[in-house]
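The next block holds one structure in the form of structure tokens; read it before the comments.
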Amino acid sequence: MRIAVYPGSFDPIHRGHEDIAQRAAALFDKVVVAIYARPSKVLLFSVEERVSLVRTVLADYPNIEVRPYAGLTVALARELGARTLVRGLRVISDFEREYQMALTNQQLAPEIDTICLMTSYEYAFVSASIVKEVFMAGGDVSSLVHPVVLDALERKRAAMQ
Ligand code: ADP
């Protein structure tokens, strides 16, 4: 069974993430979307909220599993028996960071490979931080996120006011 791990913060999941997860699901027998519990960035959603949103958004894909994790991504991959990490590339500026991370992970776990899927053209500009910034400033992000994510953003905004 070919298992891939698609790790990230997913704060929150948007259409660009969905696109990569769906395409990975067509390439592997099983894809585990792994939600990093404590990334070194300011988060809007708790890990439980992020996991729940990703589960709902990707519910139609029987070979996609969603779980939180802490610690090393390669440790999780080993635990799951996965030999591949999937990441998405949007713009050239993503490349440097992804390359650095892939080489670091290769040092830590030489048996695990990273593959990067290129973003679909229409999502090249979408990032979780853009979604949050535009939404909080009153902009329409309904074409960038699943309706359940839009609801969750609305609840967050209401709670902050
Ligand atoms: P991280 O905090 O690890 O960068 P993110 O949740 O921001 O996690 O993103 C997870 C992965 O999804 C990363 O590989 C990122 O490059 C990719 N990704 C994010 N947005 C897009 C997009 N619009 N198109 C393709 N890949 C994307």
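When only alpha-carbon atoms count, how far does region 48-143 stretch along each of its three principal axes, as whole angstroms with the largest first?
That gives 45, 31, 23 Å along the principal axes, largest extent first.
If one computes P(r) from the Cα atoms of region 93-159, what percent of pairs lie at distances over 15 Å?
Above the 15 Å cut-off, region 93-159 has 64 percent of its Cα pairs.
Round to the nearest 10 and give me the degree value, 0 to 90, for the angle of helix 147-160's Cα axis relative to the longest principal axis of the chain.
Approximately 60 degrees, to the nearest ten.
Karplus couplings for region 2-10 from phi (6.51 cos²θ - 1.76 cosθ + 1.60, θ = phi - 60°), rounded to Hz, Gly and Pro as x?
8, 10, 10, 10, 10, x, x, 7, 6
What is the fewest-to-most order of Lys41, Lys132 by other Cβ atoms lying within 10 Å of their Cβ?
Lys41, Lys132
Considering the chain as a Gaussian network with a 10 Å cut-off on Cα pairs, which listed residue, Val74, Val33, Val91, attains the greatest mean-square fluctuation?
Fluctuation is largest for Val91.
What is the distance in Å between the Cα centroid of region 96-143 and that of region 17-51?
10 Å
With a 10 Å Cβ neighbour count serving as the proxy for reagent exposure, in which order, fewest first, do Leu76, Leu85, Leu103 appear?
Leu103, Leu76, Leu85
Among Tyr6, Tyr121, Tyr99, which comes first, then next, by fewest other beta-carbon atoms within 10 Å?
If I rank by nearby Cβ atoms, fewest first, I get Tyr121, Tyr99, Tyr6.
Calculate how steeply helix 47-57 sits against the longest principal axis of the alpha-carbon atoms of the chain, using the helix alpha-carbon long axis, and give the answer as 0 to 90 degrees to the nearest 10.
Long axis of 47-57 versus the principal axis of the chain: about 90 degrees.
Checking a compactness column here: for the chain, what do you get for Rg(Cα) / (2.2 N^0.38 Å), N being the number of residues?
With N residues counted in the chain, Rg over 2.2 N^0.38 Å equals 1.01.
Please give, to one decimal in nm, the separation of the simple spin-label points placed at Arg2 and Ala124, each 7 Å out from Cα toward the Cβ.
Here the modelled spin labels are 2.7 nm apart.
Using the Karplus curve 6.51 cos²θ - 1.76 cosθ + 1.60 with θ = phi - 60°, what ³J(HN,Hα) values do you get for each residue of region 86-99, in whole Hz, with x for Gly and Pro?
Per residue, the Karplus-derived 3J(HN,Hα) values read 10, 9, x, 10, 9, 10, 4, 5, 5, 4, 4, 5, 5, 5 Hz.
Each reported figure results from applying straightforward, stated rules to the coordinates on display, with no laboratory input. Remember, it's a predicted structure, so these values are computed and weren't measured experimentally. Cβ: placed from backbone, ideal geometry, glycine included. Neighbour counts: every protein chain shown.
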